[in-house]
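Read through the structure below, which is laid out as structure tokens, and then see the notes.
Please treat every number below as a calculation from the coordinates, not as lab data. For clarity, every value in this text was computed on a predicted model and none was experimentally measured. Neighbour counts run over all protein chains shown; Cβ positions are idealised from the backbone, glycine included.
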Amino acid sequence: MKILSPSKQKEVKIVKQPVITQREINKIIKYQKLVQQEGYRPFITVRNSNSVGLSHIIFSHKTGRTHHLLSNGELEAFINFEHDQSVLDIYEQYPLPLNETIECAALINKYHPAKYKERDHETKLIPAATMTTDFVLLKRDIRSGQNVLQPIYYKPSSEFCRKNTSAQKVIRTMSKFQIEQAYWENNGYSLIQCDENTFNSNKTYNLKWLRECYQHLSSLDVPEDLYTSLLLTLTENVRSMPTETLKSQLQFVATTLNMELVQVMYLFQKACYTNALPIDLNVKIELYRPLNLIVGSYAD
């Protein structure tokens, strides 16, 4: 084996980091003031993002806030996080302290995200860009009963695959992830990585439809005994006539209880969403197909 002499050994090149500018500091200060005055808002919104894919602005019945999601993948993740009963709040595009992420980048010798278009032509210095975490969830820990934060990193798996993405871009994406991961680890948190394979597509499809009931709150405001009767009537009819379509089942309930079909549908959506009606959310719910109730259901 040929041993390299010290003079011939490859030296590790220290990456020169971008600089923190007053302009970026002012931007952060302005953002923090808005959060203090009006409550949480994403650091990156749909309007000022560089997102290539489809972006979404969506109101959440759980948080009572409008959320900015920068891709279809982020929308899918959000829909599932929102449904999770242990999740109390969802902070998307969560900004990280710039001085700390630059320290992390220097520590692991990775180049910190920067704003190349704002390069100073005289000094050649490049401004550092504030990094964000895709989601930070406020969750209730079942064991301790305490509220905890859970940072989430979302990226399609294709962005880490050199068959679909250039090697340079894959390396850059991985570097950003490592800096973000280092920041959260330094603060005592584990950054969870998600992609399109994390969530069941049928469940997401169902949740998108079921959550629509919260756009009609007045229709959901019914006496508890009426709501209970609706669920019992539906459950018993599905058992006795399992091949009937869901729409037929809902129409039967509406006729039996002398209610409007559309209101029965909204209450059905709520029951499924809140697990008051035992169905498998991983199986698509379709109005023109029979409804599959889980054995050991509501009426038992």
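Summary of values
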| read-out | value |
| --- | --- |
| Surrounding net charge for Y94, when Lys and Arg each add one and Asp and Glu each subtract one, Cβ distance under 13 Å | -4 |
| The chain: C-alpha gyration tensor shape, a/c 1.5 cut-off, then a/b vs b/c | prolate |
| Whichever aspartates and glutamates have a C-alpha closer than 14 Å to that of K169, once near sequence neighbours (fewer than 8 apart) are set aside | E159 |
| Two-site FRET efficiency, N186 against T256, from Cβ-Cβ distance with R₀ of 45 Å, rounded to 0.05 | 0.15 |
| Straight-distance crosslink candidates among lysines, where the alpha carbon sits under 20 Å from K203 and sequence neighbours closer than 8 are dropped | K62, K155, K247, K270, K284 |
| Shape call, the stretch 188-246: gyration tensor on alpha carbons, a/c limit 1.5 | prolate |
| Those residues of the stretch 72-109 whose amide nitrogen sits under 17 Å from the label point placed on V35, 7 Å along Cα→Cβ | 89-102 |
| Computed E for Q146/T245 - FRET, C-beta separation, R0 30 angstrom, nearest 0.05 | 0.05 |
| MRE, 222 nm, helices only [DSSP H, n ≥ 4, -39500 (n - 2.57), over the chain, to nearest 500] | -12000 deg cm²/dmol |
| Length released on extending from Y116 to V283, taking residue separation times 0.36 nm less the Cα-Cα span | 55.4 nm |
| Förster radius 22 Å - calculated FRET efficiency between N99 and K124, Cβ distance, rounded to 0.05 | 0.50 |
| The chain - share of DSSP beta bridges that are antiparallel (%, nearest 5) | 85 percent |
| Gain in span if fully extended, K208 to T228, counting 0.36 nm per residue against the direct Cα distance | 4.8 nm |
| Sparsely packed GluC sites (Glu not before Pro) within the stretch 187-272, loop by DSSP, other Cβ within 10 Å at most 12 | E260 |
| Gained length - T173 relative to H56, 0.36 nm times residue gap less alpha-carbon distance | 39.9 nm |
